[in-house]
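Structure, as structure tokens:
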Amino acid sequence: MWYYEKKLQYPVRVSQCNPMLAKFLIEQYGGADGELAAALRYLNQRYTIPDKVAGLLNDIGTEEFAHLEMIATMVYKLTKDATPEQMKEAGLGAHYADHDKALFFHNAAGAPFTATYFQAKGDPIADIYEDIAAEEKARATYQWLINMSDDPDINDGLKFLREREVVHSMRFREAAEILKEERDKKTYY
Amino acid sequence: MFTQFKYWEPYISPFDPCPPMRIKSYSTPPQLYIPFQPKGLPQFKPMEALYRGTLWPALFSPYPDPKKRGDQDE
Ligand SMILES: [Fe+2]
């Protein structure tokens, strides 16, 4: 189970009225390498991975939900006061037609979220290597988002999120080393 | 030298519905332990290389576990 702290992991500030940015940020909400896919991937792998690395998946999977909240807050702030006309101009007309201002799990191109974005292979090495790749892809997404945004406050939050992907990748690489270790040379026959 | 299979003992609950598999195993094939393949590694004879799928014994990964110890708890 989880305890909930009613605050964000890192403060989210938005300084410019730029709803179009929300259209791009939604990639990290419901996209293939987004925070939802990350959280579900790691929390689901916990059950069958060797116990030495299960705790890591639990911790990082939980943190991904904290990141999801930050992205959701950014998207919400950028769109909540937009008129239908502004939504249309921002390229969010199709979104508005289906969802009004509600957030929805889809990528920047509008493709809905799907469980096929991630795997649970059951092979510990394959699963951890997927996790490392997922972190690098999320880091890249944050880079492209920062490149497109000129809102310094949004970029501050995105830079924090990008850095967390770097740290997560490091931890998963350590997990791979732990899985490769010869434990106390005790072999079972 | 590294081993190509690792074994671990998952938690067994007193309330598990099925008889427990006490030991689980997973594959750790050789490419995990070779950062960059060095030149001049020993090679299989051509016919054996064709059969095994690699020219180099260092890259050969047996499967299933030759110790016949998968998830079966016998
Ligand atoms: Fe992450």
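Where a number appears in this text, it was derived from the coordinates with a stated rule and is not lab data. As the structure is a prediction and not an experimental result, all values here were calculated from the model. FYI the Cβ positions are ideal-geometry reconstructions off the backbone, even for glycines, and counts take in every protein chain you see.
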Problem - Of all residues in segment A:55-94 being within 16 Å of the ligand (Cβ to nearest atom) and among the charged types (D, E, K, R), the one that is farthest from the other protein chains (Cβ to nearest Cβ) - result: A:GLU69
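Residues to consider are A:LEU36, A:LEU25; find the one that is in contact (Cβ under 8 Å) with a residue 12 or more places away in the chain, closer than 21 Å to A:HIS106 by Cβ, among the aliphatic types (A, V, I, L, M) and more than 15 Å from the ligand (Cβ to nearest atom). So that I can check it myself, show each step before the final result.
On the way: A:LEU36 fails: more than 15 Å from the ligand (Cβ to nearest atom).
Step by step, each of A:LEU36, A:LEU25 is checked, and only A:LEU25 is in contact (Cβ under 8 Å) with a residue 12 or more places away in the chain, closer than 21 Å to A:HIS106 by Cβ, among the aliphatic types (A, V, I, L, M) and more than 15 Å from the ligand (Cβ to nearest atom).
Take the residues of segment B:1-19 that are of a type in the set (Phe, Trp, Tyr) and part of a loop (DSSP other than H, G, I, E, B): which is farthest from the other protein chains (Cβ to nearest Cβ)?
Just the residues of segment B:1-19 that are of a type in the set (Phe, Trp, Tyr), to begin with: B:2, B:5, B:7-8, B:11, B:15.
Right, trim to part of a loop (DSSP other than H, G, I, E, B) and you get B:2, B:11, B:15.
Values: B:PHE2: 7, B:TYR11: 7, B:PHE15: 16 Å.
Looking at residues that are of a type in the set (Phe, Trp, Tyr) and part of a loop (DSSP other than H, G, I, E, B), I get B:PHE15.
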Exercise for the section: Examine segment B:10-25 for a residue that is touching a helix residue (DSSP H, G or I) at 6+ places or on another chain (Cβ under 9 Å), surrounded by 11 or more Cβ atoms within 10 Å (Cβ to Cβ) and either of a type outside the set (Phe, Trp, Tyr) or farther than 19 Å from A:ARG183 by Cα (or both), and state whether such a residue exists. Expected result: yes
Practice task
Can you confirm whether segment A:151-163 contains a residue that is of a type in the set (S, T, N, Q), more than 14 Å from chain B (Cβ to nearest Cβ) and free of Cβ contacts under 8 Å to residues at least 24 places away in the same chain?
Solution key: yes
Exercise for the section: For A:ILE146, state whether it is within 30 Å of B:PHE5 (Cβ to Cβ) and part of a helix (DSSP H, G or I). Expected result: no
Problem - Boolean, A:ALA126 is within 16 Å of the ligand (Cβ to nearest atom) and within 14 Å of chain B (Cβ to nearest Cβ) - result: no
Fill in the blank from the handout: Scanning segment B:20-55 for residues that are within 14 Å of another protein chain (Cβ to nearest Cβ) and either touching a residue at least 60 places away in the same chain (Cβ under 8 Å) or on the phi > 0 side of the Ramachandran plot (or both) gives none
